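Novice: Below is the structure I would like to discuss, written out as structure tokens.
Laboratory data are not the source of any read-out in this text; all were calculated from the coordinates shown. A quick note: this is a predicted structure, and the numbers were derived from the prediction, not measured. Methodologically, a virtual Cβ is constructed for each residue, glycine included, from the backbone with ideal geometry; neighbour enumeration extends over all protein chains shown.
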Amino acid sequence: MKLYVGITDQDWFRFLRAKAAVEMNFWRPRNKTEFQAIAPGELFLFKLKFPENKIVGGAYFVRHTILPLDLAWEVFGEANGCNSFNVFRHKISSLRGDQERNPHIGCTVLTDPFYLPESETWPAPSDWSRNIVSGKSYDVSTVEGARLFAQAKHAMSKKLDFSDALLREDSPRYGTEQLVKPRLGQGGFRVVVLEGYERRCAITGEKTLPVLEAAHIQPFAENGPHDLSNGLLLRSDWHTLFDRHYVTVTSDLRIEVSRRIKEEFSNGREYYAYHGKELKVLPKEFSERPAKQFLEWHQSHFLS
């Protein structure tokens, strides 16, 4: 098991700490390579730049992706570490040094953070070099990695229970050196669904990114979790119909379209063409595909 120490912008960190953010986008203005230093569920620690040069907190790594700037703001909003899209765009533009209107940026999705009080920050790793540009990973079986992991466990064990329902769970989280399943927020859910469905609408196969939306099968407001098995990536019109129960998906992953579309709107030929067909796109892992209990919840609210 590994953890990662990432060089962190002070303004980004302090903004999110002041907001008590429960998830964040640790973005990069450019993205030439995938972030593969750690696996989902491993720790990502925040180290401020010189001269402060200290570790001030950390979070769990969810996944890395690449998004156009406007979509990164739409997905994460202030969890990008800025209070407005214009500020966010200006930061990216100044770091890139170009006038690209809507550049693609690297997005490292993090969740369930801890923030260290000023009096309890940690020194940078003993082997840290000023030549490190982005960050460095540590195996927890090494002396320095074990120290960092132990300090992180201690800091996390002091956290109070989260008041935000999206981060609640029944089982203990902070124990021995093991991976955990990151608890997703809304932004993390959208990214995981987007990537799980390979950026294609589950029903139509549409690939135009701005019109693709992550749909909960059982809504979050109805106790549906932020989990890929409770998600579908849908074109925006299909998402609307799905949320309003004009469309559902059966337990054998076939599409059902309600006759109410024709009755109420005297239209719907395009949608009826998909009636009875199997979903066109699904996550590769069977455990990540739509779960029976969520599909059954949605079917129970579907009016044929």
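Novice: Hey, which lysines would be in cross-link range of Lys159, C-alpha to C-alpha under 21 Å, not counting anything within fewer than 8 residues on its own chain?
Specialist: Lys19, Lys47, Lys54, Lys181
Novice: Relative contact order for the stretch 197-300: what is it in percent, counting Cα pairs under 8 Å that are at least 6 residues apart?
Specialist: Across the stretch 197-300, relative contact order equals 33 percent.
Novice: Sticking with this one: What are the GluC sites (Glu not before Pro) within the stretch 23-54 that DSSP puts in a loop, where the Cβ has at most 16 other Cβ atoms within 10 Å?
Specialist: Glu34, Glu52
Novice: Ordered by packing density, taken as the mean number of other Cβ atoms within 10 Å over each peptide's residues, highest first, how do 241-252, 223-234 rank?
Specialist: Put in order of decreasing packing, that is 223-234, 241-252.
Novice: So for the chain: antiparallel DSSP bridges make up what percent, rounded to the nearest 5?
Specialist: Of those bridges, close to 85 percent are antiparallel.
Novice: What number, in percent, do you get for the relative contact order of the chain if the mean sequence gap of Cα pairs under 8 Å and at least 6 apart is divided by its residue count?
Specialist: That works out to 17 percent.
Novice: A follow-up question, please. In straight Cα distance, which aspartates and glutamates are under 13 Å from Lys136, not counting same-chain residues fewer than 8 positions off?
Specialist: The qualifying aspartates and glutamates are Asp127, Glu144.
Novice: Against the globular-protein guess of 2.2 N^0.38 Å, express the Cα radius of gyration of the stretch 197-300 as a ratio, rounded to two decimals.
Specialist: Normalised Rg, Cα atoms only: 1.00.
Novice: Which of these, Pro117, Pro290, Pro51, has the largest mean-square fluctuation under a Gaussian network model of the chain (Cα springs below 10 Å)?
Specialist: Between Pro117, Pro290, Pro51, it is Pro51 that shows the largest mean-square fluctuation.
Novice: What's the local net charge at Tyr274, with K and R +1, D and E -1, over the other residues with C-beta under 13 Å away?
Specialist: After counting each charged neighbour, the total is 0.
Novice: Related question: Which of the DSSP-defined H helices in the chain satisfy a minimum axial length of 24 Å, computed from C-alpha atoms, and a minimum mean Kyte-Doolittle hydropathy of -1.0?
Specialist: In the chain, no H run is both long and hydrophobic enough.
Novice: Taking the chain as a Gaussian network, where each spring joins two C-alpha atoms under 10 Å apart, which residue of Cys201, Cys107, Cys82 fluctuates the most?
Specialist: Cys82
Novice: Could you identify which residue out of Ser126, Ser84, Ser157 has the top mean-square fluctuation in a GNM of the chain using Cα springs shorter than 10 Å?
Specialist: The residue that fluctuates most here is Ser126.
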